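S.K.: Here's a structure for you.
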Amino acid sequence: MLRVNLLPQGLRPKMTINLDLIFLVFLCVSAITVTLSFVSVNSKNKKNQTELAVYEAEAAEQRKLIEQLKAKESTRDLSATQALVAKRRKWNSFIKEMTYLMPPDVWILKMNIDGKGEAVTLRFSGLAPSQKSVNRFLSRMERSSSFHSVKLNSSKASPEYTPSLYAFDFSVSDVFSSGRSLASEGK
């Protein structure tokens, strides 16, 4: 059912808008919103301050621990480490000389160092395009004053490469037997 007011315009009841009341309600809602926001920001701030205090306390403990470790490290005896470093062999001269002796068409794929003390054996594995290149490298190593007891272990054509390459394997014994000290040479 539809309600229709049939009274003339002048007799109809007038709606009055009370702006003071609307403004008062708006002001109260705004004040409550601002107050709640302030309380929430304040509680988050307090929570963050307590977390910061905890983190600062942990950082202070860690700084103390770091200082203790630094003090302990500074009093540690380094003479044993320094003695080991002084006795360490210098391989630079051998590797450098080997690069001068190696023909440009020979590739070293693997180098093993076996032994302890003065009995050191080097074992080289690599590829070359021909037996002639392998022989050239081997003979240069034999003539060198740095390498002694050079021995060819194997040299054969490898079918897995095209064009065919020769895989070789040879060893050098008594690397330090020439009376040379690599520790003094590498400096």
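Each value in this text was obtained by applying a stated rule to the coordinates, not by laboratory testing. If you're wondering where the values come from, they're calculated on a predicted model, not measured in any experiment. Heads up, the Cβs are rebuilt from the backbone with ideal geometry, glycines too, and the neighbour counts pull from every protein chain shown.
S.K.: Given a 10 angstrom Cα cut-off, can you work out which residue in Pro163, Pro129, Pro103 is the most mobile in a GNM of the chain?
M.R.: Pro163
S.K.: Which residues make up the longest stretch of the chain that has no GluC sites (Glu not before Pro) in a DSSP loop with at most 13 other Cβ atoms within 10 Å? Mind dumping the intermediate values first?
M.R.: Values: sites that count: Glu118, Glu160.
With GluC sites (Glu not before Pro) excluded where exposed in loops, the chain gives 1-117 as its longest stretch.
S.K.: Continuing with the same structure: For segment 46-152, run through the trypsin sites (Lys or Arg not before Pro) and keep only the ones in DSSP coil with at most 12 other Cβ atoms within 10 Å of their Cβ.
M.R.: Values: sites: Lys46, Lys47, Arg63, Lys64, Lys70, Lys72, Arg76, Lys87, Arg88, Arg89, Lys90, Lys96, Lys110, Lys116, Arg123, Lys132, Arg136, Arg140, Arg143, Lys151; in loops: Arg76, Arg88, Arg89, Lys90.
Sites meeting the loop and neighbour criteria: Arg76, Arg88.
S.K.: Which of these, Ser43, Ser146, Ser154, has the largest mean-square fluctuation under a Gaussian network model of the chain (Cα springs below 10 Å)?
M.R.: Largest GNM mean-square fluctuation: Ser43.
S.K.: Which angle from 0 to 90°, rounded to the nearest 10, does the C-alpha axis of helix 19-75 make with the longest principal axis of the chain?
M.R.: 20
S.K.: Oh, and also: Once the Cβ-Cβ distance between Ser139 and Thr81 is put in as r, and R0 is 30 Å, what FRET efficiency do you end up with, to the nearest 0.05? Kindly include the intermediate steps, with their values, before the conclusion.
M.R.: Details: r = 42 Å, r/R0 = 1.40.
Computed FRET efficiency for Ser139 and Thr81: 0.10.
S.K.: Hey, another quick one. Cα gyration tensor of segment 122-161, axes a ≥ b ≥ c as square roots of the eigenvalues: rounded (a/c below 1.5), prolate (a/b > b/c) or oblate? The partial results should precede the final answer.
M.R.: Values: a/c = 2.87, a/b = 1.94, b/c = 1.48.
Verdict is prolate for segment 122-161.
S.K.: Treating the Cα atoms of the chain as identical point scatterers in vacuum, please give the log10 of the normalised Debye intensity I(q)/I(0) at q = 0.11 Å⁻¹, two decimals.
M.R.: -0.77
S.K.: Given +1 on the Cβ of Lys and Arg, -1 on the Cβ of Asp and Glu, and no further charges, what dipole in debye does the chain carry about its Cα centre, rounded to the nearest 20? Could the numbers behind the result be given before it?
M.R.: On the way: 27 positive and 17 negative charges, 38 e Å.
With only Lys, Arg, Asp and Glu charged at Cβ, the dipole is about 180 debye.
S.K.: Here's a follow-up. From the phi angles alone, apply the Karplus equation (6.51, -1.76, 1.60; θ = phi - 60°) to segment 142-155 and give each ³J(HN,Hα) in whole Hz, x where the residue is Gly or Pro.
M.R.: With coefficients 6.51, -1.76 and 1.60, one gets 5, 7, 6, 7, 7, 10, 10, 6, 6, 9, 7, 8, 7, 7 Hz.
S.K.: Between rounded, prolate and oblate, where does segment 34-99 land on the alpha carbon gyration tensor, with a ≥ b ≥ c its root eigenvalues, rounded for a/c under 1.5, else prolate if a/b exceeds b/c? Each step should come with its number before you reach the end.
M.R.: On the way: a/c = 14.38, a/b = 2.86, b/c = 5.03.
Oblate is the answer for segment 34-99, as a/c is 1.5 or above yet b/c matches or exceeds a/b.
S.K.: Which listed residue (Val4, Asn42, Ile22) has the Cα farthest towards the positive end of the charge dipole for the chain, taking +1 on Lys and Arg C-beta and -1 on Asp and Glu C-beta about the Cα centre?
M.R.: The residue sitting most towards the positive pole is Val4.
S.K.: Also: Looking only at Thr50, Thr33, Thr75, which one moves most when the chain is put into a Gaussian network model with springs between Cα atoms under 10 Å?
M.R.: Judging by the Gaussian network model, the answer is Thr33.
S.K.: Residue by residue through segment 9-16, what is 3J(HN,Hα) from phi via Karplus (6.51 cos²θ - 1.76 cosθ + 1.60, θ = phi - 60°)? Round to whole Hz and write x for glycine and proline.
M.R.: 4, x, 8, 5, x, 8, 8, 9
S.K.: Taking a cut-off of 15 Å between Cα atoms, list the aspartates and glutamates near Lys70, but don't count ones fewer than 8 places away on the same chain.
M.R.: Result set, ordered by chain and number: Glu61.
S.K.: Further question: Filter Lys116/Lys151; Lys90/Lys110; Lys44/Lys64; Lys110/Lys156 down to the pairs with a C-alpha to C-alpha distance above 25 Å, please. If you can, show how the numbers build up before the last one.
M.R.: Values: Lys116/Lys151 20 Å; Lys90/Lys110 19 Å; Lys44/Lys64 30 Å; Lys110/Lys156 16 Å.
Over 25 Å apart, Cα to Cα: Lys44/Lys64.
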